[in-house]
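Report on the following structure.
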Amino acid sequence: MDRELVLVIDFGGQYNQLVARRVRECNVYCEICSYKTDIEKIKEMNPKGIILTGGPNSCYEADSPTYKKELFELGIPVLGLCYGAQLMQHILGGTVEKAPVREYGKTEIHVDVASKLFQGLEENTVVWMSHFDYISKPAPGFKITGYTKDCPVAVAECEEKQLYAIQFHPEVLHTVRGKEILSNFVYNVCGCAGDWKMDSFVENSIQAIREKVGDGKVLCALSGGVDSSVAAVLLAKAIGKQLTCVFVDHGLLRKNEGDEVEAVFGPDGEYDLNFIRVNAQDRYYEKLKGVDEPEEKRKIIGEEFIRVFEEEAKKIGAVDFLVQGTIYPDVVESGLGGESAVIKSHHNVGGLPDHVDFKEIIEPLRDLFKDEVRKAGLELGIPEYLVFRQPFPGPGLGIRIIGEVTAEKVKIVQDADAIYREEVDRAAASFKDENGVEAPWMPNQYFAALTNMRSVGVMGDERTYDYAVALRAVRTIDFMTAESAEIPYEVMNKVMNRIINEVKGVNRVMYDLTSKPPGTIEFE
Ligand code: XMP
């Protein structure tokens, strides 16, 4: 697609994806590439601006990641951040060395508001610093346009060559005017027009899909999750009945989820596509009978999905394209582009079927971050409850029922989970202030699980011997680490009461306080 591009060259910084997301929030398309990317390739990509990320190394050491000096002579504006700033200065003749004082955290900075980068800012603002090394002397031709108490060269720039080195991290929210600084770079310095908008993405994608698919047939495995739903709707809008979506209800979905998916995509929904719902619940429960080892359960659920999908595909016959819901973080995390990206995306649907006859894979969301997928979903008119769905694992409730899975246990966990989510959502909605600011305890993922434990209780005058439900709620940014959320006691108490009263077979409710690590978010 012909659109303006800002390129982020990654030097191993922890915020590389954040930088790209922030640029995209300025309505400028942005991609990440490794510092090993050849300069010829970069020239070919024709970016309007280049951003060098932070990284954990010291640029003056021999084997640290670096780049050719030629990068700064292309006439393309370059913004170096942290390590990227130091590297730019080092390569161009400045001095970078170990700082006498390490700066870490929120730091007061003084900036020159005459700089294109700081237009519209106050002279004194707060930025996020995290560095051991510092620029002690800027490169020839560079002017110092920002300093802090411990960092004499917090910003150095050469306006004429459009090169900017900033020691802090504008991409991190703690940098109060970070968004404006990045916006100033892409608009004031690079001269971008801001053509990256979800409405035009949707429009352009529909056009591109039509051109690519022609009158071909397309097959999509629809899970009801955000990515596959948005991909399916995009394709449905582009090619209508040439698309067939197969939705496998494995009986391990959340309460009413199968019907919700069918209501949106099925014959009574508003999209013109072929929708096949496979009710494979009994088949799954049969396969899972007597199995209590988590990995074995996962394997059975994954393999069975492929088998069911293949059977349906066989009925449809040869297709031209198979849809994958790969998104941009999958592409970045698997090493940019090429084969490896495809391999990773296969994992997202739990393995690629061997016996489906298709010519090519189509990945309509390959360029999007998750928040952009959601925006595209809203643009496409997909209901909010689908678009803002929590992450839900492929093996579903199968890994939220400890031990053997049975239809009875699925029903218990579905009912308890529905009550829990309803009450948390209700409490969260009443907490939200008029600016839409969420409760500080609002979890990013919250669900009920069924422990395999039964214990004695008393209900009325009767002794009970029933299951214990475990409630989990975590606050996390990347799902790699997580803390249990401090949901108010009165909310939890209400959830407990409702579950005990409304869900047959449960007489105890527990809250899981474990962080990740050492715990995982799911139970199995
Ligand atoms: P864990 O349990 O590994 O979960 O801490 C981290 C995040 O990943 C989700 N998860 C999965 N997602 N297939 C998926 O698509 C899976 O097999 C799977 N296992 C865990 C989990 O819900 C959490 O958001």
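Principal axis analysis of the Cα atoms in the chain yields extents of 82, 60, 45 Å, listed in decreasing size. Taking 23 Å as the limit for the C-alpha separation, the pairs K212/K237; K237/K432; K432/K516; K36/K179; K255/K289; K241/K314 exceed it in the case of K237/K432; K432/K516; K36/K179.
Taking a straight Cα-Cα cut-off under 23 Å and skipping sequence neighbours fewer than 8 places away in the same chain, the lysines within cross-link reach of K43 are K68, K69, K161. The largest-to-smallest principal axis extents of the Cα set in the range 345-492 are 65, 50, 29 Å.
Using a probe of 1.4 Å, the accessible surface attributed to M45 totals some 50 Å² when neighbouring protein chains are kept in position.
The slack between W441 and A429, meaning 0.36 nm per residue of separation minus the straight C-alpha distance, is 3.1 nm.
Mean residue ellipticity at 222 nm, helices only, the chain: -10000 deg cm²/dmol; runs of at least 4 DSSP H residues each add -39,500 (n - 2.57), and the sum is divided by the number of residues.
Placing a label point 7 Å from the Cα of E404 along the Cα-to-Cβ direction, the residues of the range 275-297 whose backbone N falls under 18 Å from that point are 282-297. Considering only the Cα atoms of the range 233-306, their convex hull presents on average a projected area of 5.6 nm².
Between the beta carbons of E160 and E25, assuming R0 = 35 Å, the FRET efficiency works out to 0.75 to the nearest 0.05. On full extension, the segment bounded by V126 and V113 gains 3.3 nm, given 0.36 nm per residue less the C-alpha separation. Using a cut-off of 10 Å between beta-carbons, work out the net charge of the residues near V226 (Lys and Arg +1, Asp and Glu -1, V226 not included). Its environment carries a net charge of +2. Write down the percent of antiparallel bridges among all DSSP beta bridges whose residues are both part of the chain, to the nearest 5. Of those bridges, close to 50 percent are antiparallel.
Full extension of the chain between D292 and R454 gives 56.7 nm of extra length, using 0.36 nm per residue less the Cα-Cα distance. Residues K241, K359, ordered by accessible area of protein heavy atoms at a 1.4 angstrom probe radius and largest first, appear as K359, K241. The 1.4 Å probe gives accessible areas that order I306, I39, largest first, as I306, I39. Accessible surface of the range 420-487, 1.4 Å probe: 49 percent of it comes from carbon and sulfur atoms. Note on N501 and I39: their simple-model spin labels are 7.3 nm apart, each label 7 Å out from Cα toward Cβ.
Expressed as a whole percent, the accessible surface of the range 1-155 that belongs to carbon and sulfur atoms is 47, based on a 1.4 Å probe.
A probe of 1.4 angstrom, applied to the heavy atoms of all protein chains, finds H169 with accessible area near 10 square angstrom. Ligands, DNA and RNA left out, the accessible area of the range 203-324 computed with a 1.4 Å probe is 44% carbon and sulfur. Taking every protein chain into account, the 1.4 Å probe leaves S136 with about 40 Å² of accessible area, to the nearest ten.
Rolling a 1.4 Å probe across the protein heavy atoms gives the chain an accessible surface of 45 Å² per residue.
Packing order of peptides 415-427, 496-508, 319-331, 63-75, highest average first: 319-331, 415-427, 496-508, 63-75 (average count of other Cβ atoms within 10 Å over each peptide's residues). Within the range 131-171, the GluC sites (Glu not before Pro) that combine a DSSP coil assignment with at most 14 other C-beta atoms in a 10 angstrom radius are E160.
The values are calculated or read from the model by the stated rules, or taken from the named source; none is laboratory data. The structure displayed is predicted, hence computed values, not measured ones. Note that each Cβ is placed from the backbone with ideal geometry, even for glycine, and that neighbours are counted across all protein chains shown. Side chains included, ligands, DNA and RNA excluded: accessible areas come from the protein's heavy atoms. Shrake-Rupley method; radii C 1.70, N 1.55, O 1.52, S 1.80 Å.
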